[in-house]
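Below: one structure, written as structure tokens.
The values are calculated or read from the model by the stated rules, or taken from the named source; none is laboratory data. Note that this is a predicted model, so its numbers are computed, not measured. Counting neighbours? That spans all protein chains shown, and the Cβs are built from the backbone with ideal geometry, glycine included. These area figures cover heavy atoms from the full protein model, side chains too; ligands, DNA and RNA do not enter into them. Shrake-Rupley method; radii C 1.70, N 1.55, O 1.52, S 1.80 Å.
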Amino acid sequence: MTILTLLLYTSISALAFYLLLNLRTRHPKRLPPGPTPWPIVGNLPHLGTVPHHSLAALATKYGPLMHLRLGFVDVVVAASASVASQFLKSHDANFASRPPNSGAKHIAYNYHDLVFAPYGPRWRMLRKICSVHLFSAKSLDDFRHVRQEEVAILTRVLISAGETTVKLGQLLNVCTTNALARVLLGRRVFGDGSRDSDPKADEFKDMVVEMMVLAGEFNIGDFIPALDWLDLQGVTKKMKKLHTRFDSFFNLILEEHKSYGNSGDLLSTLIGLKDDADADGEGVKLTDIEIKALLLNLFTAGTDTSSSTVEWAIAELIRHPRLLKQAQEEIDTVVGRDRLVTELDLNQLTFIQAIVKETFRLHPSTPLSLPRISSEACEVDGYYIPKGSTLLVNVWAIARDPEMWTDPLEFRPSRFLPGGEKPNVDVRGNDFEVIPFGAGRRICVGMTLGLRMVQLLVATLVQTFDWELAKGLEPEKLNMDEAYGLTLQRAEQLIVHPKPRLAPGVYESC
């Protein structure tokens, strides 16, 4: 036995003894129920290959508030609307920060981004910048024409497909990315998607999907810090490699933009704020690192979530042709058949809004909320929640709770219409039955933009096309399985044949 092997064996044995002792003696107070943890790794094996499914199954046995031990870390899981409300409303301030994690460290510029930054001055600065300069009502209205132009371009690309099939998710991703890029950078970053393959767009989509998969991994090193250096799953190595690719992408954008001068877009505004430590009122100086980290958040969370939600919506409508016809009839009545739907029409399209809500319910873009951490011990439902506990809200399970929803596994938009079971549900974090954007202080800052973009895309695709599946596949046989990751991707891409349903002149004028 070599000295190195002996040292490793001794270290792991000592660690195991310490952890076993630690598991036996912690928390004399009444913790929420949960499965018995394994030695050392705790409940990590209980998470399975699709954690939001596994945690939903465990909740049926242990209840809507569970306690898990993942290595060293106490984790509480909320799996009902009432429990989630207590954490994200009553105890929101206590759970305003994020726990340490390898994704934030190795991909998101060591916590210098908005999504994973600890609650404090930097986080408030970045959120204020986004709220004022990108997601305010005025900014959204000012750039309405950009979103409508990019959706019109998508429509022309689908028309040009002719008799061939298309990978709808990829085209949607190009559309949402270019729409956001024109606001952030003043220009598109990809072509329009009309070619068979756009290597730049394909690579970026792959990078985003890889990031969501890696960010969704329960990395052993996050829960047993002594094993972090071993990188047993190879996650850290992959994260560092992916960060290098993203960083090169953003460095190029940043250097090109600095040479352009102020062009009225968000990046120009960010560069202008760099030397003004008091511009945000927090006394924090903006750096290139924060700018790149913010771009990373916006280009990943702000594009893939919207495009994947629309892809799920169209898949559901293909599986339910009666609902597709009902949605088309509503648009024909409100908008007519001689022009494309616009954002200004959306408030009158109640059935389209219901379709989007039902898609958010059944297919939330982030099925397991981004984790939060308690700054102090507290009590929820009569149970003790230790200081430093990680909170996970199972958004996917809450939206499928049979005590809250009739036939929860059915795609039924009418439940959100007048006379339905939940006609007044607000998906903006006020009603905890459907919280696709989260709730409380850490609610998604781009929620309003996401809603507008998803509704406009769904309305346009419903208005302008009928849809057939590739190779004559029957709608009822369409694979609706989910892929693993931080965001809810489809296991199989939606490959479709779009068939125009309006007069040719309508498409030519868009």
- Query: Using a simple spin-label model with points 7 Å from Cα along the Cα→Cβ vector, what separation in nm is obtained for residue 252 and residue 350?
  - Reply: 4.9 nm
- Message: Relative contact order of the range 3-509, please, whole-number percent, based on alpha carbon pairs below 8 angstrom and at least 6 residues apart.
- Response: 22 percent
- Query: Could you give the longest part of the chain that holds none of the GluC sites (Glu not before Pro) found in DSSP loops with at most 13 neighbouring Cβ atoms within 10 Å?
  - Reply: 164-375
- Task: Please work out the average accessible area per residue across the chain, using the 1.4 Å probe convention, and give it in Å².
- Result: 43 Å²
- Item | Phi-based couplings in Hz for the range 149-164 (Karplus 6.51, -1.76, 1.60; Gly and Pro marked x) | 5, 5, 5, 5, 4, 4, 4, 5, 5, 5, 4, 5, 5, x, 8, 7
- Too long at a 32 Å Cα-Cα cut-off: which of 205/274; 200/237; 138/237; 61/292? 138/237; 61/292
- Message: I'd like the antiparallel share, as a percent to the nearest 5, of DSSP beta bridges with both residues in the chain.
- Response: 85 percent
- Among 423, 352, 81, whose Cα sits farthest toward the positive end of the charge dipole of the range 3-509 (+1 at Cβ of Lys/Arg, -1 at Cβ of Asp/Glu, about the Cα centre)? 81
- Item | Between the range 373-392 and the range 401-426, the alpha-carbon center distance in angstrom | 31 Å
- Task: Mind putting a number on the dipole of the range 321-362 about its Cα centre? Charges go on the C-beta only, +1 for Lys and Arg and -1 for Asp and Glu, and I need it in Debye to the nearest 20.
- Result: 200 debye
- Task: Could you go through the range 287-298 in sequence order and give the Karplus-derived ³J(HN,Hα) for each residue, using 6.51 cos²θ - 1.76 cosθ + 1.60 with θ = phi - 60°, rounded to whole Hz, and x for Gly and Pro?
- Result: 10, 4, 4, 5, 5, 5, 5, 5, 4, 4, 4, 5
- How large is the dipole of the range 3-509 about the Cα centre if only Lys and Arg carry +1 and Asp and Glu carry -1, each at its Cβ, rounded to the nearest 20 debye? 1020 debye
- Item | At R0 = 51 Å, FRET efficiency that the Cβ-Cβ distance of residue 202 and residue 61 yields, to 0.05 | 0.75
- Task: Would you mind checking the tilt of helix 121-133 against the longest principal axis of the Cα atoms of the chain, expressed as 0 to 90 degrees and rounded to 10?
- Result: 10 degrees
- Task: Give me the net charge of residue 408's neighbourhood, meaning all other residues with Cβ under 10 Å from the Cβ of residue 408; Lys, Arg count +1, Asp, Glu -1.
- Result: 0
- Query: Of all accessible surface on the chain at a 1.4 Å probe, what whole percent is carbon and sulfur?
  - Reply: 54 percent
- Query: What 222 nm value per residue comes from the helices of the chain, counting each DSSP H run with n ≥ 4 as -39,500 (n - 2.57) and dividing by all residues, nearest 500 deg cm²/dmol?
  - Reply: -14500 deg cm²/dmol
- Note on the structure: Heavy-atom accessible area of residue 406, protein chains in place, probe 1.4 angstrom, given in Å² to nearest 10, is 70 Å²
- Counting only protein heavy atoms and leaving out ligands, DNA and RNA, the solvent-accessible surface of residue 142 at a 1.4 Å probe, in Å² to the nearest 10, equals 80 Å²
- Can you work out ³J(HN,Hα) from phi for every residue in the range 234-251, in order, using Karplus 6.51 cos²θ - 1.76 cosθ + 1.60 and θ = phi - 60°, giving whole Hz and x for Gly and Pro? x, 5, 4, 4, 5, 5, 5, 5, 5, 4, 4, 5, 5, 5, 4, 4, 6, 4
- Message: Using the crude model of +1 on Lys and Arg Cβ and -1 on Asp and Glu Cβ, and no other charge, please compute the dipole size for the range 224-275 relative to its Cα centre, in debye to 20.
- Response: 240 debye
- Message: 5 Å is the cut-off here: which amide hydrogens, built 1.01 Å from N in the peptide plane, fall below it relative to residue 74, excluding neighbours closer than 5 in sequence?
- Response: 390
- Item | Part-to-part distance (alpha-carbon centres) for the range 316-347 and the range 482-510, which is given in Å | 15 Å
- Message: Taking amide H atoms as placed 1.01 Å from N in the peptide plane, list the residues 5 or more away in sequence, or in a different chain, whose amide H sits under 5 Å from that of residue 469.
- Response: 497
- For an R0 of 35 angstrom, estimate the FRET efficiency from the Cβ-Cβ distance between residue 29 and residue 430 and round to the nearest 0.05. 0.60
- Query: Long-range amide H contacts for residue 482: which residues qualify at under 5 Å (H placed 1.01 Å from N, peptide plane, sequence gap of 5 or more or a different chain)?
  - Reply: 491
- Could you work out the local net charge near residue 499, counting Lys and Arg as +1, Asp and Glu as -1, over the other residues with Cβ closer than 11 Å to its Cβ? -2
